Structure formats: C-alpha cells, structure tokens
Amino acid sequence: MKMIAFNGSPAGKDSATNRIIEAFLSGAERAGAQTENYQLCDYAISQCRGCFACWFQSPGVCVMQDDMKQLLRAYQSADVVCFGSPVYSWNVTALLKNFVDRLIPLKSPLITESSGNFDMADAKQRVQRYVAIANCGFPGENNFSIIKAAFSCCNPALEIYRNCGKLLKSKQPSVQTVVGEYLQAVETAGYEMAATGQVCEETKQRMSMPLMSVQDYVKFLGM
Ligand SMILES: Cc1cc2nc3c(=O)[nH]c(=O)nc-3n(C[C@H](O)[C@H](O)[C@H](O)COP(=O)(O)O)c2cc1C
C-alpha cells in the first residue's frame with residue numbers, strides 16, 4: 001500500500017501542515033505502508049492554461065514542461081493521496097489549488113452524473129482514496145467551512161482539520177506536551193488508515209481535542 005502526501009503550505013517542510021502530515025505518514029509506515037511526502041513549494045508548477053490539449057490533442061499529457069510530469073507519476077502511483085494545506089483566506093492555498101488544477105490530464109471530456117451532481121470522468125478508472133489535512137490560525141471550526149466544501153468533491157475517506165495551528169510549531173514545553181498528544185492521535189489515525197482502510201471514532205475524537213482554551217490562545221498569539 002502506497003500513501004502519498006502533497007503539502008500545499010508555502011512553508012514546506014517547516015510548516016504546521018507538515019507536522020500533521022509527518023505524524024500521519026509515520027503511523028502509516030508503522031502499519032507497513034510505503035510513503036512519500038511532496039512539498040509542493042519545492043517544485044516548479046505552472047498554472048493550467050485551460051487549453052484542453054491534454055484532452056483533445058495529446059490525451060493524458062500536458063503541453064507544459066515542468067515538474068508536474070514527476071508529480072503526476074507519483075500521484076498516479078498512490079493508493080491513498082493526502083492533500084495538505086493551511087487555511088489561507090478561508091480556502092486552500094493557491095499552491096495546492098494550482099496543483100489540483102494541473103491534475104486535469106487524468107480526467108476525460110466525459111460528463112458523469114450521480115443524483116443530479118455533474119463531474120468529469122476519470123480518464124482511467126482508479127480506486128484511490130483521499131485524505132484531507134488542513135490547519136488554520138484561528139480557534140473554532142468556521143475557518144474550515146470552505147475547505148470542507150472543496151474537499152467534499154473528492155469524497156475523502158478521512159478529514160483532519162486542526163484549529164489553533166500556530167501551536168503546532170511552538171517551542172513552549174507545556175504546549176509541546178499537548179501538541180505531542182495530538183500528533184500521537186494523528187499517528188494512530190495514519191496507522192489505522194493503512195492497516196484497515198478506515199479510522200475509528202475514538203481516534204477521530206482524540207484528533208479533535210482542544211489544544212488550548214480560546215482565551216489562552218489569544219494571549220499566546222499576543223493579539
Ligand atoms: C495569507 C494568509 C492567509 C491566511 N488566512 C487565514 C484564514 O482565513 N483563516 C485562518 O484561520 N487562518 C489564516 N491564516 C493563518 C494560517 O492558516 C496559519 O498561520 C497556519 O498555521 C499556517 O500553516 P502552515 O505552517 O502549515 O503554513 C492565513 C495565513 C496567511 C499567511
């Protein structure tokens with residue numbers, strides 16, 4: 001089983017998003033999965049031009065010569081794809097959105113319909129599963145509303161949304177203790193996903209643990 005993460009944080013491997021991804025992948029590895037973790041900010045990914053040459057002239061192949069060739073190969077080799085992003089202006093980052101746009105060579109110009117919902121068909125039938133991973137700077141859940149709607153399009157097998165994300169990179173020992181407990185729950189989720197294909201309710205509950213009270217977090221941020 002191969003699990004591959006694509007991190008859309010411009011902070012790359014030092015990002016809070018990557019802390020969550022690394023914990024998740026390490027759990028998957030413990031269950032025997034092969035893992036890869038791509039920091040999208042380290043790759044040259046031009047914007048989709050919308051020419052549809054990848055559908056009508058050279059099916060499956062984009063006309064642009066950039067790092068998407070390598071990333072598309074990796075993407076296609078995954079059994080489980082993890083999309084990671086911080087919340088930027090209520091949404092995923094432009095980096096992750098751009099990457100997802102550039103996956104269009106894997107689609108075909110055929111419309112599918114299910115219960116009144118229309119979409120593009122996959123060029124080749126795939127049985128990939130998806131995991132959505134995001135963190136945001138504010139407390140509460142409302143800053144994830146748009147990301148949740150966007151990720152719902154790929155019907156994710158698991159969604160990990162971490163608020164108070166600034167704490168993930170804190171060097172304060174008391175904060176690191178609670179963050180460590182949280183990341184342990186994420187590691188367990190990665191293990192379960194790789195071992196059984198799903199994550200139990202208890203682990204999901206552990207991942208939704210508050211890291212700090214709103215009042216203390218506001219003080220922590222100095223806002
Ligand atoms: C341009 C920009 C926009 C942001 N927009 C939001 C937002 O809408 N809601 C929010 O909760 N946090 C927002 N944040 C805060 C980030 O989500 C937060 O700092 C996060 O922990 C960064 O994660 P990373 O280290 O993985 O990049 C924004 C940060 C930046 C730089």
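The values are calculated or read from the model by the stated rules, or taken from the named source; none is laboratory data. Every value quoted in this text rests on a predicted model; they were computed, and no experiment measured them. Here the Cβ positions follow ideal geometry from the backbone for every residue, glycine too, while neighbour counts run over all protein chains shown.
Do we have PHE144 as at pLDDT 95 or above and of a type outside the set (Ser, Thr, Tyr) here?
Here the answer is yes, as PHE144 does meet what is asked.
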Condition test on VAL199, is it assigned to a loop (DSSP other than H, G, I, E, B) and not charged (D, E, K, R)? yes
At least 2 residues that are over 29 Å from PHE220 (Cα atoms) and in contact (Cβ under 8 Å) with a residue 24 or more places away in the chain in each: list the strands (runs of 3 or more DSSP E) lying fully within the stretch 93-152 that qualify. 107-114, 129-135
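Can you pull out the residues in the stretch 1-12 that are under 14 Å from the mean Cα position of the chain (by Cα) and either in a loop (DSSP other than H, G, I, E, B) or surrounded by fewer than 24 Cβ atoms within 10 Å (Cβ to Cβ) (or both)?
Answer for the stretch 1-12, where residues must be under 14 Å from the mean Cα position of the chain (by Cα) and either in a loop (DSSP other than H, G, I, E, B) or surrounded by fewer than 24 Cβ atoms within 10 Å (Cβ to Cβ) (or both): ILE4, GLY8, SER9, PRO10, GLY12.
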Please pick out the residue among ALA31, ALA78, ALA23 that is within 18 Å of ARG162 (Cβ to Cβ) and surrounded by 15 or more Cβ atoms within 10 Å (Cβ to Cβ). ALA23
If you check every pair at least six apart or on different chains, which have Cβ atoms under 7 Å apart with a residue in the stretch 180-203 that is under 27 Å from SER170 (Cβ atoms) and in contact (Cβ under 8 Å) with a residue 12 or more places away in the chain first and a residue that is among the basic types (Lys, Arg) and part of a helix (DSSP H, G or I) second? LEU183/ARG19; ALA185/ARG206; TYR191/ARG30
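Considering each residue of the stretch 110-142, count those that are more than 16 Å from the ligand (Cβ to nearest atom), of a type in the set (A, V, I, L, M) and surrounded by 17 or more Cβ atoms within 10 Å (Cβ to Cβ), and give that number. Step through it out loud before you land on a result.
Of the stretch 110-142, the ones more than 16 Å from the ligand (Cβ to nearest atom) are 110-130.
Among the residues that remain, those that are also of a type in the set (A, V, I, L, M) are: 110-111, 120-121, 123, 127.
Those left that are additionally surrounded by 17 or more Cβ atoms within 10 Å (Cβ to Cβ): 123.
The qualifying residues number 1.
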Contact list, first residue from the stretch 35-49 and touching a residue at least 40 places away in the same chain (Cβ under 8 Å), second anywhere and of a type in the set (Phe, Trp, Tyr), beta-carbon distance below 8 Å, six or more apart or interchain, is LEU40/PHE6; LEU40/PHE99; ILE45/PHE99
Members of the stretch 68-98 found to be more than 16 Å from the ligand (Cβ to nearest atom) and polar (S, T, N, Q), listed by number: GLN70, GLN76, SER77
